[in-house]
Structure formats: C-alpha cells, structure tokens
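Asks: Structure below; questions to follow.
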Amino acid sequence: MRIAEIMPAPKQIELSEEQTVTVGHDWYVADDSGLLDVGAKFAEAFCIGVNDEPNRIALLKDETLGCEEYVLDIAPERIDVRASHRPGFMHALATIDHLRSGPMLPVGAIRDWPRLPLRGIQLMVESIHQLRLDSILSLIRSAARHKLNALLIEFGDRFPFEGEHAVVASPSALTRPQLRQIIDEARDLGLEIIPLVQCMGHLGYLLQHDEYADIREEDDVRAQLCPSNERSLPVWAELTEQILDFIGHCPRLHVGGDETRQLGVCPTCAARVEEAGKGRLYADHVNRVCAWLADRGIAPIVWDDILCAHPDTMDHLHEAAQVMYWDYWTTQDPSPLLVARCGGSVCYDERWDTAWPDELSAVTRRTLDRFARPLRMDEDLTDEYLDIYGDYLGDELPRYVRAFPYLEYYQARGRVVYGAPTCSGNHSFWHSLPDIPRHGDNIKTFADRCIEAAAAGLVTTAWYNRSPELLHYRRVHVVSEMTAGTHLETERLILREFRADDFDAVQSYAIDPEVLRFMAWGPNTPDQTREFLQRKLEDQASEPRPAYDLAVVERSSGEMIGSVGLRIAADGTQAALGYCYSRSAWGQGYATEAARELIRFGFEELGLHRVHASCDTENIGSARVLDKLGMRREAHRLEDVWQRGKWRDSYSYAILGREWEAGRQQ
C-alpha cells in the first residue's frame, strides 16, 4: 500500500508499505475515552458500530499525553488510539482520514503533537464577499482536517445585527440560521472562534451611516471612531454584545486597533495629542475596550502596529491586552528587511543593491524591490528607535536583522504574543496569481520564529476579495508550513533545517582544528560559513531537493551541536551520509543516534535504495559510528584522497534498504 501524505507531517511515524489492515463490518469501536461524542465520530467515520465484534478500534484515555497529542497504533486485529482530551482524538481521526485508502490502513504507529498552542486562519467575512455559507463551511472542515484549532472571524456588516443597529447589516449579511450552522460546525470540529470587532479604525461599514456621524473622528474618510467621544465605547460594546450573545462565550476576542491613520484629527483628540501624545490617546480608548472584555472573562487581542509605532503606548496598555504581531514582508531569517514602524518605513540597507546582491533569494529580492526603501542601516536608524528596539535586532546589522524581532520585545514586556503572517495581503503577484512564493516564505519564517520564541500561536490572515479556492490552497499551505521543512526527533536530539542564525554554532566548530582533522574543508572564514548556510537554505527550497543537511540540536540544552546530512544522487535512489560535530558532543553517542534517524528517514520517507559513506582510516570514531549503524565496510581504498598536503586512505561503507529493514526487525 502506498503511504498517503499526512498534513502536517507527524513528528514520529513508522508505517508498513506491505502490511495493511481492512476495517470492515467485523470491527467495532470500544470507547474508553470518557468523552461524550468521540466514539460516535470514529464509528461514523468507519461506518461501523459500537457492539462487540472480533476486531476493535480502542479509544483509550492517556493522561500522560498533552491536550492535542495522540498516539495511533494500527495492528491487523486492533487499532489503539490514545489521547488525553478531545482534540487529540480528533487529530488522530484526521490522520486516519489522510491515511485511508477505502477501508484499508497501513499497519504501524504514529505519534504527533503541535508545536504551537494556537494555530488559526482568518475568515475576513466582511470584505471577502465570495465567502458564502458553502465556502465558509468547506474552509472550516479543511482547517480541522489539517489540525488547525482556531478561526479569527471578522464579520463587519455581514453579521445580522438587530434592533437599533439593524441598519449596519448589509444586504449580503449572513442569516442567523447560516451563522448558527457555521458556529456549530466549527465548535464540533474543535475550532475556537475568535471574533474580531474593530474598536477604532476600519469601521467604514459602520460610520458610513448618518446614525453614527457623531462618533466619527473626521467626516471625509469616515472609517475611524473618535476615541474622545463618550458614545464611541457604548456603540462598540452594543455591537460586540450582539455578536457574543449569538456566538456564546469566547475565551478571546480581537479588538483590531490597527492602522488608525486619522488618530488625533478631531479638535478634541488633537488637543489630547498635544498634551499627552498619540500613544496615550490610543491607549486610553483601547484600555476601556480591554477592561470591558476583561470584566467578562474574555482576553482582548490587539494588532501590534500602533503599539510599535508609538512605543509609549506599551507603558499604559491594559494588563489583560494580548498582542497579535503582523508582518507580511519578512521572508527569511535573518532578514535584510526591517519593518521599522517607529521610523515609519519598511527598509533595508542600500548595500544590498550594490555590495551584497548575490546573497538574496529571488523571493526576498523581489520583496525588497516592491515594498522596501533603501537606507544606511548603521546610520539612518534613529537613536530613539535603537534605544527601544536595538536589543532585539540581532548582531548582524547592517546586513541583517533578526526576523520578526518584536516577538521578544513584546514578550519582554509581559505580553502574550501571536504571530500573524498573510496568505493574501499587500499587492504583489506571481504569474498573475497572488504572490504565493512570498506568502509561503512569510508564513514559514514566521511559524519557525514563533516556535523558537515559544509564542502563544500563529494566525494566517487573508484580506482581499479573492476566490475561496485560492484561500483553500493556501490554508493547506499554512498548515504544512507550520511543520514545514524536515524535522526529526530522537530521544535526545532534534534534527531540523539549518537557519541563517546558526552562524555562531557552525563557525565555532568550523575553525576547530581537532574537528577538522579528517575533513576536506576548513578552517572556515566567516564568509565561507555564511556561504555554507546560504547553500543549505537554497537546498531547502530546491525541487527536487539535492541534499538533506540538518542541524543537530541537543534537546536538554537547546544548543546546536553539529550536523548530519544525506546528499541525494541525481536519480534519487542513493545518498551519501555525512556528519560533523563540535568537540563538546563527542563520545556521547550523538553521531550514531542522529545518523540512525536520518538513515531511517532516507529509506522510509525518501524511498532510497542505498546509503553510502566514507571515512579516513585513522578516524576511528567515525568508523565506529558507521559500524554501529550496521553499514557494511565495502572497501579499503589506498591513497584515494589528497587532503591537507598528503594522500590518505579511506574506508567505504554502505547499506541497502532491505538490509536496514532486516536489521531493524532483529
């Protein structure tokens, strides 16, 4: 049986291509989950009952597993599904749905868990008028099937407001039965609903009506509430209360607050700005909104752009406010592009146009040209900006900054932080389609940094009135990118993709003469190490991929201790194994542990036929590793390598896929 692709890819997976199990009428569900409807969902999915039959699907409650973690063991006469909570069982059922070929499943085991607590998509119902009931329900089902757990929904005038605010509802508003169907479907599938109700800007759908003329900040754009008007908060609260009354209690509600471009325009607000500044004017209004929600046990979420542009706001912001940090332009880490909102620009160092142009990917180069302005990063960033944000930019200025540097800035100020990339934001195109390469790199880089910073989650936004089919494609892309790139784990190690910020770790062992004693390269200059990392990043984006070179990270310390890799032959059937470790990692079995997992990956997931390796005959440690891996020494080659001024002997090793499988079964 050909193994189907599971999205997102599980962290631990071991499935047979030869042995299968057919779940038919002689199976039943034995539900010991302790949950109300989980057993019924499994029975419905397999079209089987809950009565005694010879074979069974056992749903087992396991309190040792995380809330969304699950373990799936598929045997010929029994399938065990273990989880601690409903989301874990639902994720297991989604994985089974990916794996099934009719009634057949491959025999084997899977264990998986998410790397971010909250993983969501935005449904911009207000402005994406192509989002009708059927497409909204389809997107919800797709999100759940790919193990997302949240929907950020902005209804705007498509919510069916009633009473004195009925005028706000547009002719294309969802009906209450339609809205009930959407909410019930999402909750049944385990998706948290986070309403987004703008509290200041982007309120054109409201303020276009003369009934609300008195709370406009100005009378031209008519899109922003006046934060000084005493009626502004009650109007917002009444609209929000209608939404909450219909949806039911929500743990979180997004209050918007972004792009308040008319802040301080009306005479009253202008006087307050003159006295206390825009940040304080903004914070005072947002704080009243946050307090209203906090009093009801709801966590308020605020877009970050005004907080960043007016950093004094952070000194006054309500303690319950959580931050959703959006950036749609950063596409790599470290990044040549900096979103310097305090300085009012998206910028990069002008030397990327002259001295360093060859280091950039095509996607990043195109993004700089389309959206950013050149300056001298070591001269033009203001002292005020650097005093506030400089500690979070990394140590590679002016060439690079750390991607999404404000993650740690907000966290250092005690805030819960979510990332917000985009799959449909800003106007750039790719072969007449929305800019899928930029959006994909933006999502992946943001997800990686959110995982690294232990952020509270990530929500992918979509703003433009585009086809729901396009949103479908890129919602799936979001999920796959959350665990994108090769990510392998062993008992003590994590094998992950190289990142540009691995420079210090790589350089430390790339100049160590003991590490390099049997290597054909090194010692590296800093530029050589940067070139190495750039090649690794390019390999990750190549199709077909020429090599899987992975950074090896010690679980206990989080430190990168070396690398292990497979370089793939042109026909895709064979690969060369290589590895290199810092001296601090020697003698602990790490090289064997990492190589064993990568070889497994090569045979089981890449479909390799043969893996080979070589080492210097005097490199006793490396030869011992290859022996422990069960590789066969095929040759002792005399003086076949010219290295460091002399001819050296080498051993050649190899192992076939069938030999690897036989060794594992012993």
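Asks: If amide H atoms are built 1.01 Å from N in the plane of the peptide, which residues on other chains or at least 5 residues away come under 5 Å of the amide H of L118?
Replies: Hits under the 5 Å cutoff: G457, L458.
Asks: How much mean residue ellipticity at 222 nm does the chain get from its helices, if each DSSP H run of length 4 or more adds -39500 (n - 2.57) and you divide by all residues, to the nearest 500 deg cm²/dmol?
Replies: -10000 deg cm²/dmol
Asks: If you don't mind, there's one more thing I want to ask. I want to verify the translational diffusion coefficient of the stretch 329-464 in µm²/s; compute it with Stokes-Einstein, Rh as the Kirkwood radius over Cα pairs, at 10 °C and 1.306 mPa s.
Replies: This corresponds to a translational diffusion coefficient of 103 µm²/s.
Asks: Set Lys and Arg Cβ to +1 and Asp and Glu Cβ to -1, take the dipole of the chain about its Cα centre, and tell me which of L133, G425, Q534 lies farthest positive.
Replies: Value computed over the given set: Q534.
Asks: Another one. Would you tell me the accessible area of V273, worked out with a 1.4 angstrom probe on the heavy atoms of the protein chains, in Å² to the nearest 10?
Replies: In the full protein context, V273 sits at about 40 Å².
Asks: Another question about this same structure. Starting from the Cα gyration tensor of the stretch 1-45, take the square roots of the eigenvalues, sort them a ≥ b ≥ c, and report rounded, prolate or oblate (rounded when a/c is under 1.5, otherwise prolate if a/b is larger than b/c, else oblate).
Replies: Oblate is the answer for the stretch 1-45, as a/c is 1.5 or above yet b/c matches or exceeds a/b.
Asks: Give me the distance between the Cα centres of the stretch 289-353 and the stretch 587-665, rounded to whole Å.
Replies: 49 Å
Asks: Turning to a different aspect of this structure: Return the loop-located trypsin sites (Lys or Arg not before Pro) in the stretch 597-666 (DSSP other than H, G, I, E, B) with at most 14 other Cβ atoms within 10 Å of their own Cβ; answer none if there are none.
Replies: R644
Asks: In Å and from the alpha-carbon atoms only, list the Rg and Dmax of the stretch 197-320.
Replies: In Å, with Rg to one decimal and Dmax whole: 13.8, 41.
Asks: Output ³J(HN,Hα) for the stretch 256-261: one whole-Hz value per residue in order, computed from phi by the Karplus curve 6.51 cos²θ - 1.76 cosθ + 1.60 with θ = phi - 60°, and x for Gly and Pro.
Replies: x, x, 8, 6, 7, 6
Asks: Please name whichever of Q242, Y282, V255 sits farthest to the positive end of the charge dipole of the stretch 234-307, dipole taken about the Cα centre and charges placed at Cβ: Lys and Arg +1, Asp and Glu -1.
Replies: Positive-end residue among those listed: Y282.
Asks: If you don't mind, another one. For the stretch 96-154, how big is the tail of P(r) above 12 Å, as a whole percent of Cα pairs?
Replies: For the stretch 96-154, the fraction of Cα-Cα distances above 12 Å is 74 percent.
Asks: What translational D, rounded to a whole number of µm²/s, comes out for the stretch 506-664 from Stokes-Einstein when the hydrodynamic radius is the Kirkwood one over Cα pairs, at 10 °C and 1.306 mPa s?
Replies: The Stokes-Einstein estimate is 96 µm²/s.
Asks: Considering amide H positions built from the backbone, and no H for Pro or chain starts, which residues 5 or more places from H609, or on another chain, come under 5 Å of its amide H?
Replies: The list, which skips near neighbours in sequence, is Q574.
Asks: For the residue pair E218 and R78, what label-to-label distance in nm results when each label sits 7 Å from Cα along the Cα-to-beta-carbon direction?
Replies: If labels sit at E218 and R78, their model points lie 7.2 nm apart.
Asks: Right, here's the next one. Taking amide H positions as placed in the peptide plane 1.01 Å from N, state which residues far from I561 in sequence (5 or more) or on other chains have amide H under 5 Å from it.
Replies: V552, V553, E554
Asks: Under a Cβ-only charge scheme (Lys and Arg +1, Asp and Glu -1), can you give me the dipole magnitude of the chain about the Cα centre, in debye to the nearest 20?
Replies: Dipole size: approximately 1500 debye.
Asks: Using +1 on the beta carbon of Lys and Arg, -1 on that of Asp and Glu, and nothing else charged, what's the dipole of the stretch 508-666 about the Cα centre, debye to 20?
Replies: Result for the stretch 508-666 is approximately 300 debye, rounded to the nearest 20.
Asks: Just to check I understand the Karplus step: with θ = phi - 60° and J = 6.51 cos²θ - 1.76 cosθ + 1.60, what whole-Hz values come out for the stretch 113-121, glycine and proline as x?
Replies: Here the 3J(HN,Hα) series is 7, x, 9, 10, x, 10, 9, x, 10 Hz.
Asks: Taking 0.36 nm per residue of separation and subtracting the Cα-Cα distance, what length does fully extending S138 through E384 add?
Replies: 83.8 nm
Asks: Let me know the Rg and Dmax you get for the stretch 610-666 when you use only its Cα atoms, in Å.
Replies: 12.9, 45
Asks: What does the extension gain come out to for E63 and S127, with contour length at 0.36 nm per residue minus their alpha carbon separation?
Replies: 18.7 nm
Asks: Which value in nm describes the separation of the simple spin-label points at R261 and E238, placed 7 Å from the Cα toward the beta carbon?
Replies: About 2.9 nm, to one decimal.
Asks: State to the nearest 20 debye the size of the charge dipole of the stretch 119-248 about its Cα centre, where the only charges are +1 on K and R beta carbons and -1 on D and E beta carbons.
Replies: Charge dipole, the stretch 119-248, about its Cα centre: 920 debye, nearest 20.
Asks: What do you get when you divide the Cα radius of gyration of the stretch 121-215 by 2.2 N^0.38 Å, with N the number of residues?
Replies: 1.14
Asks: Report the FRET efficiency, 1/(1 + (r/R0)^6), for E162 and E489, where r is their Cβ-Cβ distance and R0 is 56 Å, rounded to 0.05.
Replies: 0.60
Asks: Checking the table K147/K536; K11/K61; K61/K444; K41/K444; K41/K147 against a 23 Å threshold on Cα-Cα, which pairs fail?
Replies: K147/K536; K61/K444; K41/K444
Asks: Something else: S508 to H209: FRET efficiency via 1/(1 + (r/R0)^6), r the Cβ-Cβ distance, R0 45 Å, to the nearest 0.05?
Replies: In this case the efficiency is close to 0.10.
Asks: On the accessible surface of the stretch 59-158, probed at 1.4 Å, how many percent belong to carbon and sulfur atoms?
Replies: In the stretch 59-158, the share of accessible area belonging to carbon and sulfur is 53 percent.
Asks: By the gyration tensor of its Cα atoms, with a ≥ b ≥ c the square roots of the eigenvalues, what is the shape of the stretch 569-659: rounded for a/c under 1.5, prolate for a/b over b/c, or oblate?
Replies: In terms of gyration-tensor shape, oblate.
Asks: For the stretch 44-59 and the stretch 214-246, compute the distance between their C-alpha centroids and round to whole Å.
Replies: 54 Å
The values are calculated or read from the model by the stated rules, or taken from the named source; none is laboratory data. The model shown is predicted, which means the values in this text are computed figures rather than measured ones. Please note: Cβ atoms are built from the backbone with ideal geometry, for glycine as well, and neighbour counts cover all protein chains shown. Surface accessibility is based on the protein's heavy atoms, side chains included, excluding ligands, DNA and RNA. Shrake-Rupley method; radii C 1.70, N 1.55, O 1.52, S 1.80 Å.
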